[in-house]
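The values are calculated or read from the model by the stated rules, or taken from the named source; none is laboratory data. On a predicted model such as this, the values are computed, not experimentally measured, just so you know. Because the Cβ atoms are built from the backbone with ideal geometry, glycine has one as well, and the counts that use them run over all protein chains shown.
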Amino acid sequence: MMLSSELNNESSPPHIRNAAGLALKNALTAREAARQADYSSRWLGLDIGVRGKVKDETLKALGSPHPKVGQVAAQSVAAIASVELPVGQWLDVIELLIGFMNNQSNIPLRVATLQAIGYICESIKPEILTTRSNEILTAVIHGARKEEPSSEVQQAAITALLNSVEFVRDNFEREGERNYIMQVVCEATQNSSVPVQVGAFEVLVKIMTHYYDKMGFYMERALFGLTVMGMKHQDESIALQAIEFWSTVCEIETDMAWEVAEAQDYGEIPENESKFFARTALPEILPVILQLLTRQEEDADEDEWNVSMAAGTCLGLLAQAVTDNIVQPVIPFIEANIRAADWHQREAAVMAFGSIMDGPDPKVLVPLVNQALPILIDMMGDNNIHVKDTVAWTLGRICDLLINTIQPDVHLHPLVSALVGGLTDNPRIIANCCWALMNLADQLDFSENEEMAGQGSPLSPYYEGIIQALLRATETASNEGNYRTAAYEAITSYVIHATDDTIPVVQSTAVAILHRMEQLLGMQNQILGVDDRNNWNDLQSNFCSVIISVIRKLGQGIQPLADRIMTLVLQLIQAAGKTSTILEDAFLVVGSLASALEQGFSPYIQAFLPFLYPALKAHEDAQLCTVAIGVIGDISRALGEQSASYANAFMNVLLENLQSDVLNRNVKITILSCFGDIALAIGPAFEPYLGTTMNVLRQASLLTPNPLDVELLEYVSLLREGILEAYTGIVAGLKGTEKASILLPYVPSVFELVQKCLADSDRSESTFKLAIGLLGDLADTFPNGEIKQYLLAEWIASELRTRTRMPVETKKTLRWAREVVKRATA
C-alpha cells in the first residue's frame, strides 16, 4: 500500500515515484514460474480491501503529467492484472482503462492507458481476454488513426497494437475488420513522427509473421510500395524496420519451401502454401537492397546494427527464398563495383557475392565462383580493412558451402597463402581467416575414409605451416573479436581431420599446447583482477579443447603424453577452484583420456577420484554434475571388468543424487544412462545393484505427461530414452553370462516400457532405434524360449514389420531384431 500511495503522490519527486512503482511491479512479477506462483499467491492472499486500494491508486497514477511515472504505473497495472485476470478477478480492468481513453483532453492519461493495455496483452494468454478483444482493438486502433492529433498517443497505440497482434486473431479472420486494421497501420508508416513510422513497420513485421496467409491482397495494394519507400528512407531506424519486413518474408517462405520438400518426401500435402512474395517483389526490392549495401560506416562498431549490415542479412535470406532467381540480377552489380575506386562499392560487391552463396543450386554458382576466386584471393591484399574483412568472410563461405569449386592444384596454394597472411592483420580479419581455414579443413575431410586417410589430403603439405601460423596468432594477451578463440577452434579442426601423414604435426601441436598449459598454470599467482581471471579461464578452455581433439585422434598413441596430461589436468582442477566451466573442460579431458587408454587408464584413477566426487555432489551446478557423471561412464567403459572395484562407490553416489531435491531433473536422466554404462562394464558383478536399479527404472518409466504440457512431454521423451539406454546396458552386460537369468523377473516391466515408447506417435528416431535394439537384445539373451510368450505379442510383430522411411543404421537394427526374435520364438 505504501508503494502504491507513493506512486500516486503528485507532490513526491518523479524518481521516488518511479522507484516505488518498479518495486510494486517487481513484487508481483518474476521470470521463474515457481517464484511467480509464490508472488501470485502472496498477492491473492491479501485482504480484498488492501488490494482494492492498491489498484485504485495505481490506476490514478496513470494520469500523472510525468510520462515516466505514467509508464511505471502502466507496468504496475499490468502486473496486477496478469495475476488477477487468470483467476477470474479484476474483470472490469479493461472497461476502466477504455473509459480513460475517452478523456480526450488528458494526453498523459491516454498514453499511459494504452501502455497498460499493451503490457496486459503482452503478459496474458490471449484466451483469457477473448471476450474483451473487440474493445481492446477498438481503443488501440482509435488511438493509432491518422486523425489522432497527438503523436504521443499514436505511438503508444501502435506499441499497444504490436503487443496485441496475437490477441486479435478472430478480428483478422473477418475481412472488413482486417482491412481497417491494415489501413490504419499502413497509414501510420507515412506518419510525420519517426517513432510512429518505426512502430508501424514493426507491427507489419509481426502481422506478417502471424497472418502471412492473409497478406496477398495487402502486398499487391500497399505493402510492396510502402516497404520499398521505407527501405529508401533517410532515417536509419525506419529503413531498418522496412528491411526487417522483407527479411521476415524471406524466412517464412524459406521455411515453407522446406515444409513442401519434406511433405513431398512423405507423400503428404503441406500445411502451408507459399505466396512467393519475395520472388514477385525481387525486381523492386533487390536494387534497393544492393544500393543499401554501399551505406557502410567507416568507423562502425562491430556490435552496432546498421542499414548495410541489415541489407547484407536480408540479401542472404532473399537468396535462400528465391534460390537461382537471385543470381543473374546480382551479377551486374558485382561486376560494376568489385574494381571500383571507392571502398564502399568494392566491399558491397564482395558482400553481395558472399551473401548469395547459400540458396541457389551449386551448379549455377560453380562457374561464377571459379571466375571470382582468383579475384577474391587477390583482394585479400586490399588496402581497406573493411574490404579485406568481407573478402575473408566470403572465402570462408565458399570453403563452407562450395568446397568443390576449390581445385587443389589451382586454388589451394594461393588461397591458403592469402588466409595465412590474414592471420597477422586486424582482429576481425584474423577471426574470419580462422573461420575460413577451419571450413577448409572441415569440408576437405579425408580422415573419415581409411583408404583416403592413408594417402593423405590435399591439405597435408600445408598442415604444419597452417597450424604454426594459427599458434602464432594465439600468442597474445588479447582476444578482441574472439579471434584467439577462433584460432584455437581452427587448430582443433585441423587435429580432428588430420590424415596419417600429418600425425607428427598433431603430436608436436599437443606438446606445444601442453607447454603453454604449464606456463599458464605457473602464472596463477599473477592474476590480478576479473579480466585477468576471465582471460586465464578462456585460454585454459581453449587448451583443453585442443588436447581433447588430440587424444581422440591419437587414441592409444597418446600414451607417451598421458602422464604429463593427467598431471596438468589435476593441477588445473586444483587451480580452477569453483570455476565450473574449467572443471567441466578438465573432466572432459580425463573422460577422453580414459576412452583412449582403456585399461591403461587405471594408474590414474586413485589420484583422480578425490576430485571427481565433489563435482558429483555439486547438485546446484547441473552442467558440472552432468559432465562428472559422464566421466563415470567413460571410466567404466574404459576399465571394463576392472571398474568393478569402483562400482560400489559410483552406484552409491549416483543413487544418492537421484534422491536430491536440488539436482536438475535432466541430470537424473544422465544418471539412468550411466547405470547402463556401469552394468555393461562389469557384467555379472552388477548383480548386487540390479534390484535397486530396476526398481528405480520402473518407477521412472511410470511417469505419464499431460499431453498439453509441451515441456513435460519433451522431458518424458528424454527420460524414456535414458531408461532404454540403462536397460540396454544392463541386458548387454548380462547377455551370454551364467547370471543372465537374474533378468527374468524384470522382463515384463522392460517390455511395458518398450511398448509404451513404440506406441508414442511422437517418438523420436533415437527412441525407436533404442527400443527395437532392446527388443533384439532381450531375444538374443534368451534364445531358448524363456521369454517366448512376451516376444509373440502382436504389437511386437507389428513393430518389426514396420516399413516406414528410416536411417540406414536404424534399418540395420530393425533387421537384426527381426532375425533374433524369430530365432527366440521358433
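Looking only at segment 106-164, count every residue that is without any contact (Cβ under 8 Å) to a residue 12 or more places away in the chain and either of a type in the set (A, V, I, L, M) or closer than 22 Å to residue 57 by Cα (or both) and tell me the total.
Going through segment 106-164 one residue at a time, the tally reaches 0.
Here is a list: 311, 336, 348, 319. Which entry is at pLDDT 95 or above, surrounded by fewer than 23 Cβ atoms within 10 Å (Cβ to Cβ) and among the small types (Gly, Ala, Ser)?
Answer to the check: 336.
Any chance you could count how many residues in segment 774-811 are within 30 Å of the chain's Cα centre (by Cα) and either under 19 Å from residue 746 (Cβ atoms) or of a type in the set (A, V, I, L, M, F, W, C) (or both)?
Count: 2.
Check whether at least one residue in segment 459-481 is among the polar types (S, T, N, Q), part of a helix (DSSP H, G or I), surrounded by fewer than 23 Cβ atoms within 10 Å (Cβ to Cβ) and within 29 Å of the chain's Cα centre (by Cα), and report yes or no.
Looking through segment 459-481, none of the residues is among the polar types (S, T, N, Q), part of a helix (DSSP H, G or I), surrounded by fewer than 23 Cβ atoms within 10 Å (Cβ to Cβ) and within 29 Å of the chain's Cα centre (by Cα).
Would you check if there is a residue in segment 328-344 being closer than 27 Å to residue 221 by Cα, of a type in the set (Gly, Ala, Ser) and assigned to a helix (DSSP H, G or I)?
Within segment 328-344, not a single residue is closer than 27 Å to residue 221 by Cα, of a type in the set (Gly, Ala, Ser) and assigned to a helix (DSSP H, G or I).
Got a number for residues in segment 519-532 being surrounded by 13 or more Cβ atoms within 10 Å (Cβ to Cβ) and at pLDDT 90 or above?
Count: 2.
Return the residues of segment 774-803 that are assigned to a helix (DSSP H, G or I), farther than 28 Å from residue 268 by Cβ, touching a residue at least 40 places away in the same chain (Cβ under 8 Å) and not aliphatic (A, V, I, L, M); say none if nothing qualifies.
Once the filter is applied, which keeps residues that are assigned to a helix (DSSP H, G or I), farther than 28 Å from residue 268 by Cβ, touching a residue at least 40 places away in the same chain (Cβ under 8 Å) and not aliphatic (A, V, I, L, M), segment 774-803 yields 776, 777, 780, 781, 790.
Kindly provide the set of residues from segment 140-152 that are surrounded by fewer than 24 Cβ atoms within 10 Å (Cβ to Cβ), within 38 Å of the chain's Cα centre (by Cα) and of a type outside the set (D, E, K, R), ordered by number.
The one that is surrounded by fewer than 24 Cβ atoms within 10 Å (Cβ to Cβ), within 38 Å of the chain's Cα centre (by Cα) and of a type outside the set (D, E, K, R): 141.
Scan (1) out of contact with any Asp or Glu (no Cβ under 6 Å at 6 or more places or on another chain); (2) farther than 18 Å from residue 113 by Cα; (3) in a helix (DSSP H, G or I); (4) among the small types (Gly, Ala, Ser) for the single condition residue 20 breaks and write down its number.
(1)
Could you give every pair whose Cβ atoms fall below 6 Å, whose first residue belongs to segment 804-826 and is outside any helix (DSSP H, G or I), and whose second residue is of a type in the set (A, V, I, L, M, F, W, C) and buried (at least 18 other Cβ atoms within 10 Å of the Cβ), counting only separations of at least 6 or pairs across chains?
825/791
Six or more apart or on different chains, Cβ atoms under 7 Å: show the pairs whose first residue is in segment 514-533 and without any contact (Cβ under 8 Å) to a residue 60 or more places away in the chain and of a type outside the set (Ser, Thr, Tyr) and whose second is surrounded by 12 or more Cβ atoms within 10 Å (Cβ to Cβ) and not in a helix (DSSP H, G or I).
533/527
For every residue, the table says whether it meets (1) in a loop (DSSP other than H, G, I, E, B); (2) out of contact with any Asp or Glu (no Cβ under 9 Å at 6 or more places or on another chain).
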residue: 120; (1), (2): no, yes
residue: 129; (1), (2): no, yes
residue: 132; (1), (2): no, no
residue: 156; (1), (2): no, yes
residue: 162; (1), (2): no, no
residue: 165; (1), (2): yes, yes
residue: 172; (1), (2): no, yes
residue: 176; (1), (2): no, yes
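Can you tell me which residues in segment 225-283 are of a type in the set (Phe, Trp, Tyr) and in contact (Cβ under 8 Å) with a residue 12 or more places away in the chain?
Of everything in segment 225-283, those that are of a type in the set (Phe, Trp, Tyr) and in contact (Cβ under 8 Å) with a residue 12 or more places away in the chain turn out to be 245, 246, 266, 276, 277.
Quick one: is residue 762 among the acidic types (Asp, Glu) and either assigned to a helix (DSSP H, G or I) or without any contact (Cβ under 8 Å) to a residue 40 or more places away in the chain (or both)?
No: the conditions fail for residue 762.
Quick grid of which residues meet (1) among the hydroxyl-bearing types (Ser, Thr, Tyr); (2) more than 22 Å from residue 148 (Cα to Cα); (3) in contact with a His (Cβ under 6 Å, 6 or more places away or on another chain); (4) in contact (Cβ under 8 Å) with a residue 40 or more places away in the chain:
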{"position": "186", "(1), (2), (3), (4)": "no, no, no, yes"}
{"position": "210", "(1), (2), (3), (4)": "no, yes, no, yes"}
{"position": "219", "(1), (2), (3), (4)": "no, yes, no, yes"}
{"position": "223", "(1), (2), (3), (4)": "no, yes, no, no"}
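Among the numbered criteria (1) under 12 Å from residue 124 (Cβ atoms); (2) out of contact with any Leu (no Cβ under 7 Å at 6 or more places or on another chain); (3) buried (at least 19 other Cβ atoms within 10 Å of the Cβ), which single criterion is violated by residue 90?
Here residue 90 meets the rest and fails (3).
Name the single residue, out of those in segment 561-578 being among the β-branched types (Val, Ile, Thr) and surrounded by 17 or more Cβ atoms within 10 Å (Cβ to Cβ), that is modelled with the lowest pLDDT.
573
Tell me yes or no: at least one residue of segment 218-234 is out of contact with any Gly (no Cβ under 6 Å at 6 or more places or on another chain), closer than 30 Å to residue 95 by Cβ and in a helix (DSSP H, G or I).
Looking through segment 218-234, none of the residues is out of contact with any Gly (no Cβ under 6 Å at 6 or more places or on another chain), closer than 30 Å to residue 95 by Cβ and in a helix (DSSP H, G or I).
I'm trying to understand the selection: among the residues of segment 498-511, which are touching a helix residue (DSSP H, G or I) at 6+ places or on another chain (Cβ under 7 Å), modelled with pLDDT of 95 or more and not polar (S, T, N, Q)?
505, 506, 510 - these are the residues of segment 498-511 that are touching a helix residue (DSSP H, G or I) at 6+ places or on another chain (Cβ under 7 Å), modelled with pLDDT of 95 or more and not polar (S, T, N, Q).
Can you say whether residue 6 is out of contact with any Cys (no Cβ under 8 Å at 6 or more places or on another chain), under 30 Å from residue 151 (Cβ atoms) and surrounded by 14 or more Cβ atoms within 10 Å (Cβ to Cβ), as far as the supplied structure shows?
Answer is no for this residue.
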